[in-house]
Amino acid sequence: MNTRLGLRANWAQFALLVVVNAFVGAMVGLERTIVPLLAEADFGLMTKSVVLSFIVSFGVVKALANLFAGRFSDRVGRKRILVAGWLFGLPVPLLIIFAPSWGWVVFANVLLGINQGLCWSTTVIMKIDLVGPKQRGLAMGLNEFAGYGAVSLAALTTGYLAARYGLRPVPFYPGVVLAALGLLLSLVFVRDTHDHARQESQISNLQAPSRPLSFTQILLLTSWKDRALFAVSQAGMVNNLNDGLVWGLLPIFLSAQGLPLDQVATIAAAYPGVWGLSQLLTGALSDRVGRKGMIVAGMWVQAAGIGLFVIGQGFWIWLAGAVLLGLGTAMVYPTLLAAISDVAHPEWRASAVGVYRLWRDSGYAVGALASGLLADAFNIPVAIAVIGVVTFLSGVIVMQVMYETLPA
């Protein structure tokens, strides 16, 4: 076998996958500022739970697509899943541009959820394959930096385009180009990495299962039976639960407070921007100091950032809340993926990543649904406060349940 493990040995393919994941992140970033406002401005939707239906559809479908991507990339290879994900992403910006009703936007987010689940999961798995057992935190930090840095830039760009040209169609034109380029790079230049996982399995001296684990066994092990994997899965779910809140309600909340659209876009972009940039440091840091402490601290920093939106007032306080939320998420996101990779054997690691991402991205749907119902029953600040408390409690669970997974 001619495959070699390590970041230096595979830098060209690794860098290409970083670029591809930036395109994946930018596709979802197109919606971060604009779509919640579009619901009210173009379609006259006022009920928050209905407005957030596009995130519910996105979260449910992305969670299931993650599961599919993890399981089938172990069976048919990584590249085929990546290319399939881009084929689902191609129509998304066009559907939103020409949508005559809100149902079109919801359907576009079903396709976007498939695109994100298949493409993002696969780029994660492929980077883990390439680097081998060392530098997993760094690899995940680079991956998530590219993805969420692109989310931030796309959110900021669409916000300023909308302020100048209106909510549709101009802000969604870049999405057509992004989807086409992502498909082209994945189809022509990306190489499959399944052999790298097999190579690691052969040289790592890890005890393989006496017989292949069934999907049900991997699902139960990742979701509940292993304490670290359970702690990681619930923390990932709560992390995206509060992300669903920020995506869906924050632009509406800030606009209702009288902020102009360019300031709303700045706050909406600051959160994934800090999140993306900080992961260059936090992922590598978890390779040195361990996973558990980073996750606990990250969940609590997120809770503090969410709290500033409730107790604070004004652009600068809310911007500080977005920065804290982004920093806390950066501490958690690559570390959770690295912890999964620490525990799971290479032969079933992709499936375990898929199960983890099932739970994590179901948080979008749970967060959007819960925060929408709370906002309708009470108000948006109450919804924000409840999600902040849940985020803090998730950190407590990690502190009490998880064992350290970083190899000695």
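Among residues belonging to segment 290-312 that are touching a residue at least 24 places away in the same chain (Cβ under 8 Å) and more than 22 Å from Ala385 (Cβ to Cβ), point out the one that is farthest from the chain's Cα centre (by Cα).
For segment 290-312, the residue satisfying everything is Gly290.
Can you tell me which of (1) touching a Gly at 6+ places or on another chain (Cβ under 7 Å); (2) among the hydrophobic types (A, V, I, L, M, F, W, C); (3) under 20 Å from Gly395 (Cβ atoms) is the one Ala284 doesn't meet?
(3)
Could you run through segment 27-77 and say how many residues are of a type in the set (Lys, Arg), touching a helix residue (DSSP H, G or I) at 6+ places or on another chain (Cβ under 6 Å) and assigned to a helix (DSSP H, G or I)?
Total satisfying the criteria: 3.
Given the criteria surrounded by 24 or more Cβ atoms within 10 Å (Cβ to Cβ), in contact (Cβ under 8 Å) with a residue 24 or more places away in the chain and of a type in the set (Gly, Ala, Ser), does Ala330 qualify?
When the stated conditions are applied, Ala330 passes them.
Can you tell me which condition Gly395 does not meet? The list is (1) among the small types (Gly, Ala, Ser); (2) within 24 Å of Gln279 (Cβ to Cβ); (3) surrounded by 23 or more Cβ atoms within 10 Å (Cβ to Cβ), and all the others hold.
Here Gly395 meets the rest and fails (3).
Go through segment 123-182 and report how many residues are of a type outside the set (D, E, K, R) and surrounded by fewer than 18 Cβ atoms within 10 Å (Cβ to Cβ).
12
Looking for something under 30 Å from Leu406 (Cβ atoms), of a type outside the set (Ser, Thr, Tyr) and crowded, with 24+ Cβ neighbours inside 10 Å - is there at least one such residue anywhere in segment 280-293?
Yes, the conditions are met somewhere in segment 280-293.
Can you go through Ala197, Ala228 and tell me which one is in contact with a Lys or Arg (Cβ under 9 Å, 6 or more places away or on another chain), at pLDDT below 85 and in a helix (DSSP H, G or I)?
Ala197
Return the total of residues in segment 322-368 being among the small types (Gly, Ala, Ser), touching a Lys or Arg at 6+ places or on another chain (Cβ under 8 Å) and closer than 13 Å to Ala235 by Cα.
1
The values are calculated or read from the model by the stated rules, or taken from the named source; none is laboratory data. Note that this is a predicted model, so its numbers are computed, not measured. As a convention, Cβ positions derive from the backbone with ideal geometry for all residues, glycine included, and neighbour counts pool all protein chains shown.
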